[in-house]
1. Give me D for region 54-125 in µm² s⁻¹, whole number, from Stokes-Einstein with Rh from the Kirkwood sum over alpha-carbon pairs, 37 °C and 0.692 mPa s.
2. Please rank 122, 52, fewest neighbouring Cβ atoms within 10 Å first, as an exposure proxy.
3. Of 101, 116, how do they rank once you tally other Cβ atoms within 10 Å and put the fewest first?
4. For region 26-68, with equal point scatterers placed on the C-alpha atoms only and solvent neglected, what are the log10 I(q)/I(0) values from the Debye formula at q = 0.15 1/Å, to two decimals?
5. Only Cα pairs under 8 Å and at least 6 apart count here; give the relative contact order of region 2-117 as a rounded whole percent.
6. Taking a cut-off of 18 Å, what percent of all Cα-Cα pairs in region 2-117 are separated by more than that?
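Each value in this text was obtained by applying a stated rule to the coordinates, not by laboratory testing. From a predicted model like this one, the values you see are computed outputs, not experimental measurements. So basically every Cβ, Gly included, is an ideal-geometry build from the backbone, and we count neighbours across all protein chains shown.
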């Protein structure tokens with residue numbers, strides 16, 4: 001099972017999120033979370049498919065991209081110790097917002113929503129829950145900053161438009177779509 005693909009308690013213990021978690025708890029985590037391995041360029045998650053599981057990356061690196069038309073736009077990377085696909089843990093029947101590919105040979109633990117139904121009494125699961133909350137808070141903060149930047153840019157554009165002297169010529173030009 002976990003030992004077949006080289007997953008060990010020692011590898012998990014090296015991840016910062018499991019610092020201080022007792023080894024027996026990490027052993028239980030390995031028993032309930034199936035490990036999986038991905039080769040370079042392997043498709044891990046496909047955009048718009050059912051989101052039914054998340055992954056905790058233990059080794060390797062994953063790339064997150066969003067498909068627009070026929071091209072994929074890079075939106076981020078997942079490093080060891082990070083969770084990807086966490087929407088599956090909170091929204092039943094949801095779909096993937098992005099595609100995920102392996103940039104390096106990667107090993108991950110499969111996280112299911114059922115894992116978190118125990119209420120966090122196990123130290124390893126409690127550590128995962130805290131990590132997920134911190135991850136979501138960082139992503140919300142990043143999204144809010146992006147929204148603020150976009151809002152400020154829009155405000156600057158609006159001020160620049162208003163700053164143009166309002167003459168009969170500029171009003172007529174705006175009335176006729178700039179053709180006057």
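1. Numbers: Rh = 13.4 Å.
My calculation gives 245 µm²/s for D.
2. Working: 122 20, 52 16.
Placing the least packed residue first, the sequence is 52, 122.
3. Working: 101 20, 116 16.
So the ranking, lowest neighbour count to highest, is 116, 101.
4. Per q value, in the given order, log10 I(q)/I(0) is -0.49.
5. Details: 248 pairs, mean separation 40.5, N = 116.
After rounding, I find 35 percent.
6. On the way: 3402 of 6670 pairs.
Cα-Cα pairs of region 2-117 separated by over 18 Å account for 51 percent.
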